[in-house]
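Student: This is the structure I have questions about; it appears just below.
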């Protein structure tokens, strides 16, 4: 009995001491006020402690525990007010990480973090509540969302697809966001007439800053699309800042675009590459290999080879792309110039994914120059974020070995073909096989005509591509191309693996026509898309055939055994 009493005294005394020490740290916080006459209660409790009064001591100790539990209750704290659309901090206590944060008990606007502080944005004006649901109970804090204290200046970018990328990265800079509101605008080559008219009549007269690329008069058959016309419509005091259309062949000096091609070619190109024909770059070496009848394996080898004459030409084309950019900057009195930056940095960093898709590093330099005009601050962290974002990295082409040897860049995917929206990396051998598939469909005659026309007969590449057609591109006749287009044709890969499905492309052949193997076995029927999937299970030299009237149209194919 004596031992039990001593233990009780020690336990009660310990709880009392814990209660007294805890009271000293709890009550200064304004959210939890002390009970009346707290100090007197503490003193009297200490005097009344005895063996017979252990229950009183226990009650006081429990009171201390109650305050400790009260301290752990969940809390939420927000500022009294915040500007609409501007991030503000929500501070929380006693809530599990990941707990959802609501606005007006309706909209999820964030979630609790381990740090206990999270930034949220509210886009509607007036008295709002920020809420967290604890079981069946709502924990809420009020905030007043007000209009911006300083009206933001209206800002727009007018130009090609590079303008959209710039708009996206500019919003990464907090000082720019605080000072400017970007008016959304489609690229000049894509914007509809109605949307362009709305911009001219409603948005342009109210702009404070127009960032633009020079657009020539008469573009799209209407001077109202020209940058010169836009400048005449700005309000007094508005600023116009120009930057160039950025293009460089410093990484891909051997490529060119088809200037024109029929719908059937574009459709097949999209099936094979996931790109329309006017967006797909063609490598001189691959076109040359195909027109000369080189095998797929030989084309893969020659892709990385270049003669001394080729090397001389490629360096000249790189220099020419710099000269053109510099000339445009001088001719149009460009405010934000980028040619010197590219020339000084292209060997150390990958500055372009395609000749017209600059990297995040180029866009960051444009932002840096723009901010010096506008008086906008930018942190190093924000600049690095823009470089990493790299919004124009939507498609990239492999770098040829004789080009890589002249550079000092570490780029893991430099030997792959990449399309972001398909999330695929294609190796060089597969890429060249895909080009051969496309060129098989186009045919040598038509490929020579299109390539000659695209190159304008201005450089030595033409000498290699005029293997099957010596007609000057300016003298191309519509009936020449029409005759080629109208021929019924069937195209299949040179070799496939037994049992593995592959594509057969047909041209100018009636839908439903039977596709045969070795003029004997019926495999499938011509599809409306012009692309039919089939497979062959027997290895060896085979033919894919279609009979039109009494004539056979055939394509040779080698079928290998399964590996």
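Student: Take the conditions out of contact with any helix residue (DSSP H, G or I) (no Cβ under 8 Å at 6 or more places or on another chain), modelled with pLDDT of 90 or more and not assigned by TED's automatic domain parsing to the domain that holds residue 495 and apply them to residue 301. Does it pass?
Tutor: Yes.
Student: Residues to consider are 265, 338, 286; find the one that is closer than 16 Å to residue 430 by Cα and crowded, with 20+ Cβ neighbours inside 10 Å.
Tutor: None of the others qualify; the one that does is 286.
Student: Does at least one position in the range 350-366 carry a residue that is more than 23 Å from residue 300 (Cα to Cα), part of a helix (DSSP H, G or I) and touching a strand residue (DSSP E or B) at 6+ places or on another chain (Cβ under 9 Å)?
Tutor: yes
Student: A further question follows. State all residues of the range 147-162 that are in a loop (DSSP other than H, G, I, E, B) and over 16 Å from residue 219 (Cβ atoms); if no residue qualifies, say none.
Tutor: Selection gives 147, 148, 149, 150, 151, 152.
Student: Follow-up question, since we're still on this one. Give me the helices (runs of 4 or more DSSP H) completely within the range 168-254, filtered to those with at least 2 residues that are loosely packed, with under 15 Cβ neighbours inside 10 Å, ordered by residue number.
Tutor: Here the list reads 193-198, 227-232.
Student: Could I ask something else about it? Which residues, counting only those in the range 504-538, are surrounded by 17 or more Cβ atoms within 10 Å (Cβ to Cβ), at negative phi and within 36 Å of the chain's Cα centre (by Cα)?
Tutor: Of everything in the range 504-538, those that are surrounded by 17 or more Cβ atoms within 10 Å (Cβ to Cβ), at negative phi and within 36 Å of the chain's Cα centre (by Cα) turn out to be 504, 505, 506, 507, 531, 532.
Student: Looking for something in contact with a strand residue (DSSP E or B) (Cβ under 8 Å, 6 or more places away or on another chain), modelled with pLDDT of 95 or more, under 30 Å from residue 108 (Cβ atoms) and not assigned by TED's automatic domain parsing to the domain that holds residue 84 - is there at least one such residue anywhere in the range 210-219?
Tutor: no
Conditions (1) over 30 Å from residue 374 (Cα atoms); (2) in a strand (DSSP E or B), marked per residue:
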residue: 102; (1), (2): yes, yes
residue: 110; (1), (2): yes, yes
residue: 115; (1), (2): yes, no
residue: 119; (1), (2): no, yes
residue: 124; (1), (2): no, no
residue: 127; (1), (2): yes, yes
residue: 130; (1), (2): yes, yes
residue: 133; (1), (2): yes, yes
residue: 141; (1), (2): yes, yes
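Student: Taking residue 340 as meeting all but one of (1) in contact with a helix residue (DSSP H, G or I) (Cβ under 7 Å, 6 or more places away or on another chain); (2) free of Cβ contacts under 8 Å to residues at least 40 places away in the same chain; (3) under 30 Å from residue 362 (Cα atoms), write down the number of the exception.
Tutor: (1) is the only condition that residue 340 fails.
Student: Here's something else I'd like to know. Consider residue 214 carefully, then state whether it is over 22 Å from residue 491 (Cβ atoms) and within 31 Å of the chain's Cα centre (by Cα).
Tutor: Judged against the criteria, residue 214 is a match.
Student: Test each condition in (1) more than 30 Å from the chain's Cα centre (by Cα); (2) in contact (Cβ under 8 Å) with a residue 60 or more places away in the chain; (3) closer than 15 Å to residue 158 by Cα for residue 224 and report the one that comes out false.
Tutor: (2)
Student: Which residue is surrounded by the fewest Cβ atoms within 10 Å (Cβ to Cβ), if the candidates are limited to the range 383-417 and must be out of contact with any helix residue (DSSP H, G or I) (no Cβ under 7 Å at 6 or more places or on another chain) and farther than 29 Å from residue 254 by Cα?
Tutor: 384
Student: Got at least one residue in the range 96-103 being closer than 30 Å to residue 362 by Cβ, surrounded by 12 or more Cβ atoms within 10 Å (Cβ to Cβ) and either over 29 Å from the mean Cα position of the chain (by Cα) or in contact (Cβ under 8 Å) with a residue 60 or more places away in the chain (or both)?
Tutor: no
Student: Among the residues of the range 314-321, are any crowded, with 17+ Cβ neighbours inside 10 Å, in contact with a helix residue (DSSP H, G or I) (Cβ under 8 Å, 6 or more places away or on another chain), more than 11 Å from residue 247 (Cα to Cα) and touching a residue at least 12 places away in the same chain (Cβ under 8 Å)?
Tutor: Yes, the range 314-321 has at least one match.
Student: Name the pairs: first residue in the range 257-269 and closer than 12 Å to residue 280 by Cα, second residue loosely packed, with under 15 Cβ neighbours inside 10 Å, Cβ to Cβ under 8 Å, at least 6 apart or on different chains?
Tutor: 257/278; 258/278; 261/278; 266/276; 266/278; 269/276
The values are calculated or read from the model by the stated rules, or taken from the named source; none is laboratory data. This is a predicted model, so every value here is computed, not measured. Don't worry about glycine lacking a Cβ; one is built from the backbone with ideal geometry, like all the others, and counts go over all protein chains shown.
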